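The values are calculated or read from the model by the stated rules, or taken from the named source; none is laboratory data. Computed from a predicted model, the values in this text were never measured in an experiment. All Cβ positions, glycine included, derive from the backbone under ideal geometry; neighbour counts span all protein chains shown. We work out accessible area using only protein heavy atoms, side chains counted, and drop any ligands, DNA or RNA first. Shrake-Rupley method; radii C 1.70, N 1.55, O 1.52, S 1.80 Å.
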Amino acid sequence: MFGECHAHLFMDGIDYGAAVRRNREKPDTAALRCALEAYRENQVTFIREGGDHYGVSSLARELAPEYGITLITPVFAIHREGTYGKVVGRAFSDMKEYAALVQEAKEAGADFIKIMTTGIMTFESVGGLTSVPLEKEEIRQMCQIAHDAGLAVMSHTNGAENVIRAAEAGVDSIEHGNFQNQESLLALLEHHVLWVPTTVTVKNLIGCGRFDDQVLQEIYQHVCTNIRFARAAGVQMALGSDAGAYQVQHGRGICQELESFQSIFPEDPTLETYLQQGETAIRQRFSRR
């Protein structure tokens, strides 16, 4: 089975607020062990975590070997004060504060740095995003500080122009990358940026009743089109489900992500090799230098 290249082990895929309450005072070890067991049952032996406020991600790295899993983590994600990212990380107001957070994460054993350059989808329309995106120069400085510390940069980014900014600024991977176009996908190729599309964060919402299914279908078909173009162009992708997000379960989520890719590329004998290459690239690039 493939590794899970994008997960949040403090979340449960059901109720974010309840997960926060369970972990606020200290990590809920029982729930964490349950999630790790779900990965073992699905034969997942590698997880790239997305970090959190509560120490769950760091504890998960300690416990993961008991389940035959290698887990890497940024410890916590980093976002600009007033923009999206509070759900998984810590805020900075200037580059001095950002550099201090990078150093703090490194001292806490971070394998890489995760940054948030945009908001998330509103699910109200194709292209709708929350939050004001970061500018390219700011992202460039953030990448430089992380790279100087010997740490790769995992970037939560949506929107074509925002992906171009992040790629040109030096991020190592784009997470989600919804609402792209051919220009942004070619920017990923040009700058050797890995893409982890997390398709099931949209696909698994279809039919749940929370959002308009027609809009969800349009968003999902848009990302499928982009994935087809990206692969044909030579962009390297890797499987990650955003496990822990609403309707995406630990262990099962990455299996569903693989099924999504298999539906996009039916009867493709080279698909698994291609995706394994992506996972290998993630493992290599996001290991601490």
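Provide the percentage of antiparallel DSSP beta bridges, counting only those with both residues in region 104-208; round to the nearest 5. In region 104-208, DSSP labels about 10 percent of beta bridges as antiparallel.
Given the options D268, D111, D15, state which has the largest fluctuation in a GNM of the chain using a 10 Å cut-off (strictly under) for Cα springs. Among D268, D111, D15, the largest GNM mean-square fluctuation belongs to D268.
Each stretch of four or more DSSP H residues adds -39500 (n - 2.57); spread over every residue of the chain, this sum gives -13500 deg cm²/dmol at 222 nm.
If you take the Cα centroid of region 200-263 and the Cα centroid of region 114-177, the two points sit 19 Å apart.
Applying 1/(1 + (r/R0)^6) with r as the Cβ-Cβ distance of T70 and K26 and R0 = 22 angstrom yields a FRET efficiency of 0.35. The mean sequence distance of close C-alpha pairs (under 8 Å, at least 6 residues apart), as a share of the length of the chain, puts its relative contact order at 21 percent.
Each of T270, A77, G150 was placed along the dipole of the chain (beta-carbon charges, centred on the mean Cα), and the one lying farthest toward the positive end is G150. A Cβ-based charge dipole, computed about the Cα centre of the chain with Lys and Arg at +1 and Asp and Glu at -1, lands at about 480 debye. Largest GNM mean-square fluctuation across V132, V153, V202, computed for the chain with C-alpha springs under 10 Å, falls on V132. Shape verdict for the chain, please, from the Cα gyration tensor: rounded (a/c under 1.5), prolate (a/b greater than b/c) or oblate. It comes out rounded by the Cα gyration axes.
Per atom type, the chain shows carbon and sulfur on 49% of its accessible surface, probed at 1.4 Å. Each residue of region 52-69 was assigned a 3J(HN,Hα) from its phi angle through the Karplus curve 6.51 cos²θ - 1.76 cosθ + 1.60 (θ = phi - 60°); the sequence is 6, 6, 9, x, 5, 4, 5, 5, 4, 5, 5, 7, 3, x, 4, 9, x, 10 Hz, with glycine and proline shown as x. For the options R48, R21, R140, a Gaussian network treatment of the chain with springs between C-alpha atoms closer than 10 Å singles out R21 as fluctuating the most.
Looking at the chain alone, DSSP beta bridges between its own residues are antiparallel in about 5 percent of cases. For the chain, the solvent-accessible area with a 1.4 angstrom probe is 40 square angstrom per residue. With the charge dipole of region 17-58 set up from +1 on Lys and Arg Cβ and -1 on Asp and Glu Cβ about the Cα centre, the Cα lying farthest toward the positive end among the listed residues T29, G17, G51 is that of G17.
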